[in-house]
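I have placed the structure first, in the form of structure tokens, so that the comments after it can refer back to it.
Just so it is clear, none of the values below were taken in a lab; they were calculated from the coordinates. Since we're looking at a predicted model, the values are computed, not measured. Glycine also receives a Cβ, built like all others from the backbone with ideal geometry; neighbour counts cover every protein chain displayed.
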Amino acid sequence: MFAPKIKWAKMMQSMGGRTPRDWTPEETKKFVGAINAYLKTPDPRLGADSGRVMSAMMLKAWMAGGMKDNIPAPSGYPFAAPGTGGGTPLTQAPDPFMIERYITGALAPDLGYEKIYKPVDMRGTRKDHFTIDSATDSIVWQQVGEGEKVTVGGVGDKSQILAVYYLNFMAAIGFLDDWWEFEWFWKMDDVLEQFRLKRQMLKTSLAYGLIEALGKDANGNILPNNGVDFAYDTNLITTIDNACIQMVYDIEYMGYGLPDNPSFNILCPPEAFKAIAFALDSLLNPFAQAEQKVSRINYTIDNIITTRRLKDKTRFYVVLPFYQTKMGTWMDLQMEGQRDIFKKSEEMVGKEQYNFGIGNPKQFKRLPMAA
């Protein structure tokens, strides 16, 4: 199924079959309103293609339902499946169609970053920025005696870590009179489809690019002892577990309040998905556990997020989401239109305002896929 379409022919009929050059201001306003409504309508494919963010429950169902023999387990998988052509109670190699579906997501937008960045709503405010602050050190639970005053914690100027200012993003498209006159409505669909997809590609590139820049210099070279890069140890499960444990200690040392068993996400390029999925599946597999071929992980991995926007295909990230990793929105996508008599077209400009900020790089660990 493709994205929801505007019924162009019906719209043209409602305007007496006239092309945009003969529209009244009210009719032009109606057209702009229809474009705005289209761009804000959720794509019906999002439910089917939500595997861009694969939850732990989805992973279990996916692996259990994908008992195929046509793809071997990746190198380093902790055991060999018993029997000739058989599978374990939960796992053999998954169906390649399912891999393709869950990795690419077809035309669905890449929204995995919403599982990483905590939203900050700046709509309607007069502030050109928000701050990422550290209130952790000033908030202290303490025993007090009768009549004793408790220390008041809060956020002051000295606790500011990072100021995140809004960024403006704009793009323009045009609808030629000839498209209406000769009823080339598919051209309008194509323009809007690409407008929306490229808009989302830019947003995801910014969100993931900020993560990929952690621990690197201006030229993209990894800095030594940067606190983000983490060494490989024995196998993927052990490496992921070590990264989670280290993150918890790092963050609590900085004064965070964390639950006893915090949940993490994995962010990876599509090329790394198969090996990571198999590694996590081995935790669910009773055969592997009975044979003691896999160690248990101490923390919960909520989601595997795949994206093509990561440039380095040999590494992936373990992420403690939200907290001081934030995404601010000042203006949602808005469209404005005007007539261009020189081009004989209806010109439309889309604009929005947002930005991303990471206040604590220690919420991320960058892991290699192999030793």
- Query: Over 18 Å between Cα atoms, which of K10/K40; K118/K203; K5/K343; K115/K274; K5/K30 qualify?
  - Reply: K10/K40; K5/K343; K115/K274
- Given backbone amide H placed at 1.01 Å from N, residues whose amide H is under 5 Å from that of F264, ignoring those fewer than 5 places away on the same chain, are T300, I301, D302
- Taking the simple approach of a point 7 Å from Cα along Cα-to-Cβ for both K344 and A34, what is their distance in nm? 2.1 nm
- Message: For the pair E336/D121, report the inter-label distance in nm, with labels modelled 7 Å from Cα in the Cβ direction.
- Response: 2.5 nm
- Message: I'd like the FRET efficiency for K198 and D260, computed as 1/(1 + (r/R0)^6) with the beta carbon distance as r and R0 of 45 Å, rounded to 0.05.
- Response: 0.55
- The alpha-carbon center of the stretch 223-250 and that of the stretch 335-371 are separated, in whole Å, by 31 Å
- Message: Give me the dipole magnitude in Debye, nearest 20, for the stretch 206-272 about the Cα centre, with unit charges on the beta carbon: positive for Lys and Arg, negative for Asp and Glu.
- Response: 140 debye
- Message: Quick check on packing: order 115-125, 240-250, 171-181 by the mean number of other C-beta atoms within 10 Å, highest mean leading.
- Response: 240-250, 171-181, 115-125
